[in-house]
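Chemist: Before I ask anything, here is the structure I am working with.
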């Protein structure tokens, strides 16, 4: 390399390099920044090289190893120039065939990027939504530049801005003017106008003193890495920006303050500096112009606060990285007292663009006061993670949904955290906010260096605030009291809240503390340290209150609150981890005791529960969730077989207070049972001749056999309940009479069994039956009139139950379910739907009945219409919209209408009870009290059709309220932390067992095969065998001993 | 000389003065903890914060490090300032309840309750001792190590320093270990009796000049409970 001593000579050399003819061969680009290398980009490069050597393909393709292009989700990938075809997520085996395809000019269709939205494969990089919506100015160059080749940078027009400036004698003024006119603002986060800073620095020192120009590459935000990608991918652009700055401000020494955690960036920068020096672009007398400027690299030791300019200056001086208060500002008194200008990496990368394009063109991008583009690093719960470059003023929604592609599993996105630990959380409802310095700061966040962390429903916002408080209490320099103590106290209080030990006054304190830290801190770190806390408090206060009062963490992440997610998610607090660990130890009786402690309907629930416990099971993250319901069924069946706990002993002490319960469904019975356990004198009134409500009347035999139900009902009755059947409220008695008869409290739980109508023509025809009535008739053994061709309308559990029951009656040839939405929206349990299809029931989605055609009062056919999904309604499901002229007629003999049930409150109209506008009873959500003194209500009657376990839960909560009411206490729901009543010592697994359990699969349950089972009402699923149950129970990860209390137990146990 | 306005009073202050200097000159009281006229100002304790309004913008800065500038408008006790100060003193008292200096400041500022868990630390990291050692005693035997919640003041590598001459300057200037408050009990955290309810009885008239120690009775030898006005503290006492 030649050292140039004249600008003209160097300019000619640059021209000759950039005008070099490119050979007409394809070029493979491999992105090998730190991120690419971690994903195996180096291996891909090695394989390509070996393939080329082995097959003698020299001269037929070229290879360029570049820095990061921003699309992290696709790493490792290769990009084929000139067409810009991208092959993402490569495996080593695919590479040779792709290289061959490139040489032969073919496109390997099946390896192209697949866009899940348009459901197409994308050829060119610009077809991919992730790139299509970006406007890349800075990052784009990374594709064209091999960071260790200065000539690559020349070819992209590099250093031309600098050379252009060197030709001009008035360059310093022009550069400062252009930068000022471009309205460029500091990309480090605070957004100070760069032009102004440069002007101030220029005016300092009278031109003779030393001046420093520092590039701040101390990028410390968790999850932000745009500066690294520029340093790694295009280091010369930073050097050019700094050279222009040095010219403008007459700076004599340049420093790049980089993190030592960025070894590749430092390596590339060192190479770039050497190259620039060799060409005479740096050092004394640059290109013979008499300009002196040299750049050195200083490695920071990784303290977050050293990104703050005054702390950075101290760190450069070799002192402890602690900030000081400004003024004096660094432009007046910086490194060793000399005027110092500090700019961010991205700011410097923008300078050559401004000089080349001119400021007039530059300000065309972005919005007022916020010009140009900004790179963001989009991470978290998002489909396309990576670096995103968009003009300032772009909407957050566009970045998250169009570019980021939304949630990877299409869950709901809750918030976005911008600006790293100094920024705040912006909720989804504000996603139409424009990304600019002012809007973000008004929303309680900051632009920061550009980190964006996307959060979904499974992220607890209190936990997020706690995480950042933890980060900051560690990274605070500790110099000023309010930041050091404040961040520690924030963390302390937030930890208390996430552990369920918070007090409601804490919220006020947090707010006061946050504002004090924001106001009174010395430096930028402290002044923004409260942002994560204050913004989450501002937008997600409900979550804080839930944690404090209800001991509830909606996202299910705060370990100390939820203990184990199976127990936490159970509405009646069943101690699943305890009985599972008893099963693992073969202590079945103890396991049964634990189950029956909380649940009088143990056997029923073990069969028909929709098992919310399994939904968030930790084992699900690495394999299958533990089959908790089947384990419970194993224990309850074991109990029935061995006659364990079939009865319960009546309470020793009787309390002579009478309580009436109306309705003997799961809600009524569990309420009565709980009260009777305490000794109250409970009377249950039931309208029908049998007790059990929907359990007895609607759930088909094949799901819940009569003898199982009877066992549970016997168990409940054994506590001593006065049960009066065929007694109907409103007909046989009323509430006044009950109170007159000395009943002190009444619990109404009459359920929701009134079937809803379709509201179409001909609904009164003979042959149209309601689902629940049909199920009841079948269950009670009444004769039901079913035709050959049956249509069931509806998508809930009762529709599926009705269809399957009809099939079992054996009178019909075909049974079809018609549902107006798709399977994804169907409310019936997934396993029930699958089982129905297995048995040969057809399900027609997106169809809705519009007319019933009858002949002499008897149904003949039904007219349906096709639907399509429109906008989401208030339930979050997409609303079905009819497709015009898509009506079709289906001949049916029987039409079962099962489009939902609602509570029947007609018999309560005279009882002085307040109703909601939907006609249901108005209750206090927490205590289940109604407006009438001593009257409580709960279960399906209040909520509409719901699950069994929720009804039991309602009964138990009401029982607690009633008890408080009867003892004269204030009726108030008590919330407590989820904890097991006993800790069971974890079992020790042998090595062989560990290996076996490693596969982490659920046991296969023996099922009555679909071909045979559809003719009878026998139970389909068999109980687990003892061996299966033991193996499954051993698989439990025992989240309950992960809490502090649990760990203490384990520790103590070890010592003993 | 720059002309500045503090709490509505105009003052022409010498160029090398800080806002705190100017306020003291005017007799305005700004509480401070880590400021000492003989040492460089650090701005660590943040108690001397004041609100500054410049061209429509307001910000809060520590007055001990803020140089006077032409046209500056300073408010030493705006609501924002007072609220922040109260939280700061609350934080400091919770950190180190045994410091009489802190307890007195808390009482003066009207802090009635400490809502944070007391730490019973022995240091508030104000850095006075470090500056004392370096600047007045030219010892440089102690300094800060670590950061954040691990911050501490110690000798290099935690071993006895050869630069230390045992002059005791660090102890002399320490607001925590020199004047200890013996009043606080683990359950109370906040004491403030010296400021609020106890006055010297050894003299009929007592102030900084008549008390032979110039301590307003802070020595504790001659104090008993004061009659009258401060009711709530008396109540607390009765309850105990």
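Chemist: In nanometres, what is the gap between the two model label sites at residue A:43 and residue A:135, each 7 Å from Cα along Cα-to-Cβ?
Modeler: Rounded to a tenth, the inter-label distance reads 4.0 nm.
Chemist: Let me ask you something else. Stretch residue A:783-residue A:2 to full length: gain in nm at 0.36 nm per residue minus the Cα-Cα span?
Modeler: Contour length minus the Cα-Cα distance gives 270.9 nm.
Chemist: Right, another one. With 10 angstrom as the radius, rank A:566, B:133, B:96 by how many other C-beta atoms surround their C-beta, starting from the fewest.
Modeler: B:96, B:133, A:566
Chemist: Using only Cα atoms, find the angle between the long axis of helix A:588-598 and the longest principal axis of chain A, and express it within 0 to 90 degrees, rounded to the nearest 10.
Modeler: Around 90 degrees separate the two axes.
Chemist: Mind running the shape call on the stretch A:754-902? Use the C-alpha gyration tensor, a ≥ b ≥ c as the square roots of the eigenvalues: rounded below 1.5 for a/c, prolate if a/b tops b/c, oblate otherwise.
Modeler: Since a/c reaches 1.5 but b/c is at least a/b, the shape of the stretch A:754-902 is classed as oblate.
Chemist: Rounded, prolate or oblate: which fits the stretch A:965-1056 when a ≥ b ≥ c are the square roots of the eigenvalues of the alpha-carbon gyration tensor, with rounded for a/c under 1.5 and prolate only if a/b beats b/c?
Modeler: Oblate, since a/c reaches 1.5 and b/c is not below a/b.
Chemist: What is the distance in Å between the Cα centroid of the stretch A:563-599 and that of the stretch A:835-868?
Modeler: The two parts, judged by their Cα centres, are 44 Å apart.
Chemist: Using a simple spin-label model with points 7 Å from Cα along the Cα→Cβ vector, what separation in nm is obtained for residue A:615 and residue B:5?
Modeler: So the two model labels end up 6.1 nm from each other.
Chemist: Over 20 Å intervals from 0, what percent of Cα-Cα pairs in chain A sits in each interval?
Modeler: Pair shares across the bins are 11, 32, 31, 19, 7, 0.
Chemist: So what is the relative contact order of the stretch A:367-459, in percent, for Cα pairs below 8 Å that sit 6 or more residues apart?
Modeler: Rounded, it is 33 percent for the stretch A:367-459.
Chemist: Let me ask something additional. What number, in percent, do you get for the relative contact order of chain A if the mean sequence gap of Cα pairs under 8 Å and at least 6 apart is divided by its residue count?
Modeler: In percent, rounded to a whole number, it is 9.
Chemist: Can I ask one more? What FRET efficiency comes out for residue A:410 versus residue A:1031 if R0 is 56 angstrom and r is the Cβ-Cβ distance? Round to the nearest 0.05.
Modeler: With a Förster radius of 56 Å, E is 0.95.
Chemist: Further, regarding this structure: Cα centroid distance between the stretch B:20-80 and the stretch A:712-789, in Å?
Modeler: 77 Å
Chemist: Test of understanding: what is the full-extension gain from residue A:838 to residue A:1012, defined as 0.36 nm times their sequence separation minus their Cα-Cα distance?
Modeler: Using 0.36 nm per residue and subtracting the Cα-Cα distance, I get 61.5 nm.
Chemist: Between residue A:1048 and residue A:989, what is the FRET efficiency for a Förster distance of 30 Å, r being their Cβ-Cβ separation, to the nearest 0.05?
Modeler: In this case the efficiency is close to 0.85.
Chemist: Apply the a/c threshold of 1.5 to the C-alpha gyration tensor of the stretch A:134-196 and tell me whether it is rounded, prolate or oblate.
Modeler: Here the stretch A:134-196 falls in the oblate category.
Chemist: Here is a further query. From the C-alpha coordinates alone, can you work out the Kirkwood hydrodynamic radius of the stretch A:480-624, in Å?
Modeler: 17.9 Å
Chemist: Distance from the Cα centre of the stretch A:966-995 to that of the stretch A:106-179, in angstrom?
Modeler: 58 Å
Chemist: How far is helix A:235-249 tilted, in degrees, relative to the longest principal axis of the Cα atoms in chain A, given as a value from 0 to 90 rounded to the nearest 10?
Modeler: 60 degrees
Chemist: By how many nm would the segment from residue A:886 to residue A:106 grow when fully extended, if each residue of separation counts as 0.36 nm and the alpha-carbon distance is taken off?
Modeler: Taking residue A:886 through residue A:106 to full extension adds about 276.4 nm, to one decimal.
Chemist: Something else about it: With a bin width of 10 angstrom, please list the P(r) values of the stretch A:367-459 as percents of all Cα-Cα pairs, from the 0 bin to the one holding the largest distance.
Modeler: For the stretch A:367-459, the binned pair fractions read 19, 57, 23, 2 percent.
Chemist: So for each of A:507-516, A:399-408 I average, over its residues, the number of other beta carbons within 10 Å; can you give me the resulting order with the highest mean first?
Modeler: A:399-408, A:507-516
Chemist: Which log10 I(q)/I(0) values, to two decimals, does the stretch B:17-68 give at q = 0.16, 0.27 Å⁻¹ under the Debye formula with one point per Cα?
Modeler: Here the Debye-derived log intensity ratios amount to -0.42, -1.10.
Chemist: Let me ask another. Going by how many other beta carbons lie within 10 Å of each one, how would you line up B:52, A:297, A:662, fewest first?
Modeler: A:297, B:52, A:662
Chemist: Nearest 10 degrees is fine. How inclined is helix A:41-54 to the longest principal axis of chain A, computing both from alpha carbons?
Modeler: 70 degrees
Chemist: Let me ask something additional. Fewest first, what order do A:436, B:7 take by the number of other Cβ atoms within 10 Å?
Modeler: B:7, A:436
Chemist: In nm, to one decimal, how far is the modelled label at residue A:914 from the one at residue B:83, with both set 7 Å along Cα→Cβ?
Modeler: Distance between label points: 3.6 nm.
Chemist: Viscosity 1.567 mPa s, temperature 4 °C: what is the translational diffusion coefficient of the stretch A:150-364 from Stokes-Einstein with a Kirkwood Rh over Cα pairs, rounded to a whole number of µm²/s?
Modeler: Answer from the Stokes-Einstein relation: 76 µm²/s.
Chemist: Taking the Cβ-Cβ separation of residue A:56 and residue A:117 as r and a Förster radius of 35 Å, what is the calculated FRET efficiency to the nearest 0.05?
Modeler: 0.25
Since every read-out is calculated from the coordinates, none of them should be taken as a lab result. This structure is a prediction, so every number in the text was calculated from the model and none was measured. Ideal geometry is used to build each Cβ from the backbone, glycine not excepted, and the neighbour counts take in all protein chains shown.
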